[in-house]
Each structure stands twice: as structure tokens, then as C-alpha cells.
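First up is the structure itself, then whatever we jot down about it.
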Amino acid sequence: MDKKVINLLITEAQKARKMAYAPYSNYLVGAALVVPSGNIYTGCNVENASYGLTNCAERTAIFKAVSEGQRHIDAIAIVGAPLMDEPSDYAYPCGSCRQVMSEFLPESGDIEVIVAKSLDDYKIFKLSELLPNSFNL
Ligand code: THU
């Protein structure tokens, strides 16, 4: 993937992380995805006093994109860390978010999932590596 796009997605995910609403876990997550037109959509985690209603950053970004007409995701970057910290670990998408991603594959096949600590410390996976044999109808 183009290094400029990787940088942009990580930067946007870092910015989105600052919008996280996470008063219960104090764990802030940001996500940024790119669609085939080049448009970028971002999201953060949104928690709730009824904990199970929490929405992850990845799904926030995906639902924003889909609700604006997008149906395919080329790549998504994720940045997560506790409130006062800079990321010291890669924040991998939870199983639910992996399944939701699998609904919106690009025409070409696979989504690139970037887990980032910083602009120069990240890993890239194919969604099919993170969610093999995914459920599809
Ligand atoms: N979280 C995400 O935003 N994305 C994930 O893939 C895993 C977890 C959020 C949910 C919750 O607000 C916080 O991280 C701690 O679980």
C-alpha cells in the first residue's frame, strides 16, 4: 500500500482517538478507513453506562461510511491506548469489528488492516489473516 495513504490513515486515526468517549474503560481508540474513491472516514469508541451498548472505533467509522453510501473498504488503521498514554501496544480489532469489516470487502478482494503505535511503528495484515473462514451469506 502507498506509504502516503498509510501515513494519512494513521494520522487520521490518531486524531479520531482524541474524540473517544470512554469514561468507563479509559481506553481510547481511533480508526480511519479509506474507500475506493479515496474518501476517508474516521471513528472513535463510544461507551455507555450500560456497558454492552459500547460501539468500537472501527464500527463507528464503518457505519459512518456505509451511512453515507459507501459499500467497500480498501484499508483501515486503528490506534488504541489508555487515556493518558501514547500507544505502546498494537490495538487489534475485536472479533465483532472483524466480522463487520468482512461485510464490506473491496472488489479486488481483501481489506488491509493497519494496527499502529505511531507513524513509523505499525503492522499491516490482510483481513483474511485476522478472520479466516469468515461467515458470509
Ligand atoms: N474497543 C474498540 O474501540 N475497538 C476494538 O476493536 C476493541 C475495543 C473499545 C471498546 C471499549 O470502549 C474499549 O475499547 C475497551 O474495551
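The values are calculated or read from the model by the stated rules, or taken from the named source; none is laboratory data. All values reported here derive from a predicted model rather than from experimental measurement. Here the Cβ is made from the backbone with ideal geometry for all residues, glycine too, and neighbour counts use every protein chain on show. Heads up: the accessible areas ignore ligands, DNA and RNA and are worked out on the full protein's heavy atoms, side chains in. Shrake-Rupley method; radii C 1.70, N 1.55, O 1.52, S 1.80 Å.
Please give the per residue accessible area of the chain, computed with a probe of 1.4 Å over protein heavy atoms only, in Å².
Per-residue value: 53 Å².
If you keep only loop residues by DSSP, which GluC sites (Glu not before Pro) in the range 93-136 have at most 14 other Cβ atoms within 10 Å of their Cβ?
On the way: sites: E103, E107, E112, E129; in loops: E103, E107.
Sparse-neighbourhood loop GluC sites (Glu not before Pro): E103, E107.
Would you rank M101, M19, M1, M84 by solvent-accessible area, highest first, keeping every protein chain in place and using a 1.4 Å probe? The partial results should precede the final answer.
Values: M101 0, M19 135, M1 95, M84 165 Å².
These residues rank, largest area first, as M84, M19, M1, M101.
Under a point spin-label approximation (7 Å from Cα along Cα-to-Cβ), what is the L119-A49 distance to one decimal in nm?
Roughly 4.1 nm, to one decimal.
If you build the convex hull over the alpha carbons only and average its shadow over all orientations, what do you get for the chain? Give it in nm² to one decimal. The partial results should precede the final answer.
Details: hull surface 32.7 nm².
Hull-based average projected area comes out at 8.2 nm².
Picking from L53, L127, L105, which is most flexible by a Gaussian network model of the chain using Cα springs under 10 Å?
Largest GNM mean-square fluctuation: L53.
Looking at the chain as a GNM with Cα springs under 10 Å, which of I78, I114, I124 has the largest mean-square fluctuation?
Evaluated over the chain, the most mobile residue of the options is I124.
Per-residue ellipticity at 222 nm for the chain, helices alone: DSSP H runs ≥ 4 residues times -39500 (n - 2.57), over residue total, nearest 500 deg cm²/dmol? The partial results should precede the final answer.
Working: 4 runs with 38 residues, N = 137.
Rounded to the nearest 500, the figure is -8000 deg cm²/dmol.
Return the single residue from A49, A13, A65 with maximal mean-square fluctuation; model: Gaussian network over the chain, springs between Cα atoms under 10 Å.
A49
Please return the longest stretch of the chain lacking exposed loop sites, where chymotrypsin sites (Phe, Trp or Tyr not before Pro) count only if DSSP places them in a loop and at most 12 other Cβ atoms lie within 10 Å.
Working: sites that count: Y24, F135.
Answer - 25-134.
If you count the DSSP beta bridges with both ends in the chain, what percent of them are antiparallel, to the nearest 5?
Among the beta bridges of the chain, antiparallel pairing accounts for roughly 80 percent.
Leaving out ligands, DNA and RNA, and with a 1.4 Å probe, what % of the accessible surface on the chain is carbon or sulfur? Walk me through the numbers on the way to the answer.
Numbers: 3900 of 7280 Å².
About 54 percent, which is the carbon plus sulfur part of the accessible surface.
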